[in-house]
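Rule-based calculations on the coordinates, nothing more; no lab input. Because the structure is predicted, anything quoted here is derived from the model rather than measured. For neighbour counting, all protein chains shown are included, and Cβ atoms are generated from backbone atoms with ideal geometry for every residue, glycine included.
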Amino acid sequence: MSASVVDSKQIDSGKRVWLIASGCAGAIGGVATAVPFVSTFQPSEKAKAAGAAVEVDIAGLKEGEKITVEWRGKPVWIVKRSAAEVADLAKHDGQLADPQSKRNPDEFTPEYARNEHRSIKPEILVVVGICTHLGCSPTDKFQAGPQPSLPGDWPGGWLCPCHGSTFDLAGRVFKNKPAPDNLPIPPHVYLSDTRLLIGEDKKDA
């Protein structure tokens, strides 16, 4: 066998190894960028100091509307639900994976939001808009009823277009979906009836 043939095979082999290694590194890197959105949701004291809280005026927020703000690089949704929507939340508990938010509560649901509506005020939901599966951002599907990619008895909520996870209007995930947990509730506190502070849950913080 000539030297040129041997060299060619060595080069081809080297390319294959490089391509495989690059592909694996890329796949690992992709997971690493998606998972930390959820796994590091409860920040350390150092992280808290690095990420300032965000004050939001919700005086003009109407029923059925959503405000999106950024906190620590994450989208936080503030949604005003109607009294009927809040009352209907309990009606589909049997379809949810964690209706009482008991799974990983310290990571995903502060104590003051461990209720049926997952909020301080029943009508105002404050939730991180990142799917707990791979870090995608679900799309609004507030209208109840049958729709493409949704069940006929859809109560309103969110659909993650990446892998089909669905969440109700309290950010609770439905059963048999890729997302393992409900959407995270960030620390927050009301400074007044119309002013919210996202990122802290004490008025004197």
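Things to note:
- For region 62-68, 3J(HN,Hα) computed residue by residue from phi via the Karplus equation (6.51, -1.76, 1.60; θ = phi - 60°) reads 9, 4, x, 9, 9, 10, 10 Hz, glycine and proline entered as x.
- Once the gyration tensor of the Cα atoms in region 43-198 is diagonalised, the equivalent ellipsoid follows with semi-axes of 24, 18, 15 Å, ordered largest first.
- Members of LYS91/LYS175; LYS102/LYS177; LYS102/LYS175; LYS66/LYS102; LYS121/LYS175; LYS80/LYS141 lying beyond 20 Å, as alpha-carbon distances in this model show: LYS66/LYS102; LYS121/LYS175
- The TYR190 and ALA144 beta-carbon pair, evaluated with R₀ = 30 Å, returns a calculated FRET efficiency of approximately 0.60.
- For region 136-185 versus region 65-89, the spacing of their alpha-carbon centroids is 14 Å.
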